[in-house]
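Before any comments, here is the structure.
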2 protein chains.
Amino acid sequence: MSNAKALPLLESPAAPCCPPLSERPLTAEESVRTATMFKALGDPVRLRLFSMVASHEGGEACVCDISDVGVSQPTVSHHLKKLKDAGLLTSERRGTWVYYRVEPSVVAAMGQLLTARD
Amino acid sequence: MSNAKALPLLESPAAPCCPPLSERPLTAEESVRTATMFKALGDPVRLRLFSMVASHEGGEACVCDISDVGVSQPTVSHHLKKLKDAGLLTSERRGTWVYYRVEPSVVAAMGQLLTARD
């Protein structure tokens, strides 16, 4: 299954709030909320793990699917949890493993912030 | 002048390299380069300043245009320099002031990373 083509924007309570950054300045409160999400992708290992989950078959991955990133499995779990805490991933336990999936509304809203205004 | 509508993607040497994160995992080298840019937006004050430059009349701003962010002018300058170092802003000195402008190719490439694959 590929990720949804038409992304539901701004439906998640965790989603950034805002129009493209070129349209108007963020308020202090908006920037606190939104910076958390950019910060979560601001670490090379975490960004790479995020891309592994995002591009994994079926749109989800567990720690068991991810290797070869040069860090231990507990460190992978730690980073995935940070991405989840930032609202970028959701998780579901199934049997032994926790499966992670990209939260498309949050990622799409981040992408929207970076688009140019008309 | 508003920002260009049709953004020239991936033309800057500083631009992230890559297709949407949902398409394939980033390599280690790609994620190091790209995480730097997300990290630059991962601080609330810096993100807010970035939005102020991006949305400022004429698409550019100097420290003299930016106030009311709760930090001193030297701190504003420091953050703007960090955004420049990350490739998100360009700068030009004119008289007393340095003017900052968003680098649209880099920002568009970051936005592209966050789009869903078809």
Task: Restricting segment A:20-118 to trypsin sites (Lys or Arg not before Pro) in coil, as DSSP defines it, with at most 15 other Cβ within 10 Å - done: A:117
Task: Cα gyration tensor, segment A:28-114 - rounded (a/c under 1.5), prolate or oblate - done: prolate
Task: Violating pairs (Cα-Cα greater than 21 angstrom) within the set A:39/B:84; A:39/A:81; A:39/B:82; A:81/B:39; A:82/B:39; A:82/B:82 - done: A:82/B:82
- [ ] Enumerate the amide H contacts of residue B:99 below 5 Å, restricted to partners 5 or more residues apart or on another chain; note that Pro and chain-start residues carry no placed amide H.
- [x] B:92, B:93, B:94
- [ ] Please work out the Cα center distance from segment A:69-91 to segment A:24-62, rounded to the nearest Å.
- [x] 11
Task: Local net charge near residue B:41, Cβ-Cβ under 12 Å (Lys/Arg +1, Asp/Glu -1) - done: +4
Task: For segment A:26-38, 3J(HN,Hα) per residue [Karplus equation, 6.51 cos²θ - 1.76 cosθ + 1.60, θ = phi - 60°, Hz, x = Gly/Pro] - done: 6, 6, 4, 5, 4, 6, 4, 5, 7, 4, 3, 6, 5
TODO: Read phi for every residue in segment A:88-97 and hand back ³J(HN,Hα) as whole Hz from Karplus 6.51 cos²θ - 1.76 cosθ + 1.60, θ = phi - 60°, with x for Gly and Pro.
DONE: 7, 10, 10, 9, 8, 7, 9, x, 6, 10
TODO: For segment B:67-79, take each phi angle, set θ = phi - 60°, evaluate the Karplus expression 6.51 cos²θ - 1.76 cosθ + 1.60, and give the result in whole Hz per residue in order, putting x for glycine and proline.
DONE: 9, 6, 10, x, 10, 6, 4, x, 5, 4, 4, 4, 5
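Read the figures in this text as sums done on the coordinates, not as results from a lab. Being a predicted model, the structure only gives us computed values, none of them experimental. Please note: Cβ atoms are built from the backbone with ideal geometry, for glycine as well, and neighbour counts cover all protein chains shown.
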